[in-house]
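Below is one structure; the comments refer to it alone.
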Amino acid sequence: MTTRVLICQNRTCRRDGSSDILLAFQQATQGLADIELIQSGCLGQCGSGPNVIVEMTGQPDIWYNLRDALDCVPIVVEQHLTKGKPVWQLMSPAKHPHAQAEYGSPTLSFLMRIKNWLGISA
């Protein structure tokens, strides 16, 4: 079963860094089987991009808004693409309003923990 990752490469998302997001996904998924990265056209959420959709067989589609979150791509790859656990803190509030209602808004301290996990100095 192939997991598809659609990464918007339309004008607004490109302006907001989607080319770098695509490159980060290409690097983070090297050597992983059954993951297809797709450069998509507009996904209709221009104000909150770069937008990424993860389509896994038998699971609901998960939308991510990855503006200013380039360093979080490895987390999405490890947690969601390899372990099947969506990263709710990065999920699109417009597409997944239950995520923030259920888990709360991501806090700055959480984002700092992600950066520490990645070994990135603040």
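The values are calculated or read from the model by the stated rules, or taken from the named source; none is laboratory data. Please read these numbers as outputs of a predicted model, since none were measured by experiment. Methodologically, a virtual Cβ is constructed for each residue, glycine included, from the backbone with ideal geometry; neighbour enumeration extends over all protein chains shown.
In the range 1-53, the residue that is nearest to the chain's Cα centre (by Cα) out of those that are exposed (fewer than 12 other Cβ atoms within 10 Å of the Cβ) and polar (S, T, N, Q) is Gln27.
The one condition from (1) in contact with a Leu (Cβ under 7 Å, 6 or more places away or on another chain); (2) under 25 Å from Gly119 (Cα atoms); (3) not basic (Lys, Arg) that Glu78 does not meet is (1).
Looking across the range 63-82, just one residue is assigned to a strand (DSSP E or B) and among the hydrophobic types (A, V, I, L, M, F, W, C), and that is Trp63.
Across the range 43-71, the qualifying residues are those that are among the hydrophobic types (A, V, I, L, M, F, W, C) and modelled with pLDDT under 90, and the one among them that is nearest to Ala24 (Cα to Cα) is Leu70.
Identify the residue in the range 74-86 that is among the β-branched types (Val, Ile, Thr) and either modelled with pLDDT under 90 or within 15 Å of Arg4 (Cα to Cα) (or both) and, among all such residues, is farthest from the chain's Cα centre (by Cα).
Thr82
Listed conditions (1) at pLDDT below 85; (2) of a type in the set (D, E, K, R); (3) crowded, with 16+ Cβ neighbours inside 10 Å are all met by Lys115, apart from (3).
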